[in-house]
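S.K.: Following this message is one structure expressed as structure tokens.
The values are calculated or read from the model by the stated rules, or taken from the named source; none is laboratory data. In this text, all values refer to a predicted model and were calculated from it rather than measured experimentally. Cβ sites come from the backbone with ideal geometry, for glycine too, and all protein chains shown count toward neighbours.
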Amino acid sequence: MSRRAPLALHLGLPCAILAIVAGGAAFSPVVHGAAHVADDLQKIASNGQAIVVVGNDVLSRSTDSGKTWESQKLESRAALIDVAACADKSFVALDFNRRVWTGNAQGTEWRPAAGSMPEDFTPMALACAPDGGFWVVSTYSTVLNSSDRGASWQKTEFGEDAILTAIRFLDARHAVVAGEFGIVARSSDGGASWQRLPPIPDNFYAFDVWFTDANTGWLTGRGGIILGTRDGGQSWTPETNAAAVPMYGFVPGAGGRLFAVGELGLIQQRGSDGKWRVLPSATSGSGYLRGGVALPGRSSLIVVGGSGASTPAMVNIESEGIH
């Protein structure tokens, strides 16, 4: 199997990831009580009690729906690129340096896992399965999983020199991964085995994947492409992207609503007609957005990103009335 240079594999991702890969991103301190946490944030997760945001040498939490933020000190430097809330409400964050960090339900007491991932793989995205297992997709079409909170890792390889960029668990049994060169694979046994689906043509490069059930899902990828499926990924149909720019992540909302965040700080909502429409937001027109969470019981999203987009930012999603 060919081993391409890791930096070259990240050209489809935002500049902040490139900075992490190159080791050139500077430390960005978190300001207590401020709405602005850092210049470049990568991901955000909520367990209903606390919200955690991560970036390069940045980990911060909020317990008041994003009104104020408190930095969490780590025992060593960490290039954090993803974060997830687990079923027991604990948090896990993915370190680009091939390990994970774990925090409690309050988003505090962060500790590095005892073990590291194999050195010949570069982690890209993280999921915490309903049973508490940690799952990471990486370069060289590899899926890594840990059932002991990161102390040891097992791997599944698809045998291609390609990047897997996204992983989602639908429930305890069903999961999906996606990545470079149109790769999409599903599991119906909790990740014990994976079945490759028909590849998406034209060297499709996925940024994120979201499924609402075993049949209905979406992919967003390079070139501003958004695809939808109604047959579990056997076939995909292009959907209208009103922004015509790459959208880097999906954000599920209440009532089955689905949002996407991406380039130029834009936020889109999917209508029942399958068309995506841009929402007004103070983040529009600058930088990029990488992730977001919907606030329970409120008509708002908190989004994160960087390169000029001042985040975390709270966005009202009620006024548009898109159905």
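S.K.: When you scan segment 196-232, how many residues do you find that are closer than 17 Å to Ser138 by Cα and surrounded by fewer than 21 Cβ atoms within 10 Å (Cβ to Cβ)?
M.R.: 1
S.K.: Still on this structure: Can you tell me which residues in segment 124-156 are within 27 Å of Asn215 (Cβ to Cβ) and of a type in the set (Asp, Glu)?
M.R.: Residue satisfying the conditions is Asp131 alone.
S.K.: What's the number of the only condition in (1) modelled with pLDDT of 95 or more; (2) over 20 Å from the mean Cα position of the chain (by Cα) that Phe204 fails to meet?
M.R.: Condition (2) is where Phe204 drops out.
S.K.: Filter segment 163-186 for residues that are surrounded by fewer than 21 Cβ atoms within 10 Å (Cβ to Cβ) and more than 16 Å from Thr229 (Cβ to Cβ) and give the result.
M.R.: Scanning segment 163-186 gives Asp171, Ala172, Arg173, Phe181.
S.K.: Just to be sure before I move on: is Gly132 more than 30 Å from Thr237 (Cα to Cα), out of contact with any Phe, Trp or Tyr (no Cβ under 8 Å at 6 or more places or on another chain) and in a loop (DSSP other than H, G, I, E, B) in the structure I sent?
M.R.: Taking the combined requirement at face value, the residue satisfies it.
S.K.: Go through segment 279-321 and report how many residues are surrounded by fewer than 16 Cβ atoms within 10 Å (Cβ to Cβ) and aliphatic (A, V, I, L, M).
M.R.: 1
S.K.: Could you run through segment 40-79 and say how many residues are assigned to a strand (DSSP E or B) and either under 23 Å from Thr165 (Cβ atoms) or of a type in the set (S, T, N, Q) (or both)?
M.R.: So the answer is 17.
S.K.: I want to confirm something. Restricting to segment 114-128 and keeping residues that are of a type outside the set (Val, Ile, Thr) and within 20 Å of the chain's Cα centre (by Cα), which single residue is farthest from Val53 (Cα to Cα)?
M.R.: Phe121
S.K.: What pairs can you find where one residue is in segment 237-248 and under 13 Å from Trp218 (Cβ atoms), the other is modelled with pLDDT under 95 and basic (Lys, Arg), and their Cβ atoms are less than 8 Å apart, with a gap of 6+ or different chains?
M.R.: Listed pairs, sorted by first residue: Glu239/Lys275; Thr240/Lys275.
S.K.: With the condition kept exactly as written, say whether any residue in segment 266-282 is at pLDDT below 95, farther than 27 Å from Thr237 by Cα and outside the structural domain of Val54 (by TED's automatic domain parsing).
M.R.: Within segment 266-282 (the criterion being at pLDDT below 95, farther than 27 Å from Thr237 by Cα and outside the structural domain of Val54 (by TED's automatic domain parsing)), the answer is yes, since at least one residue qualifies.
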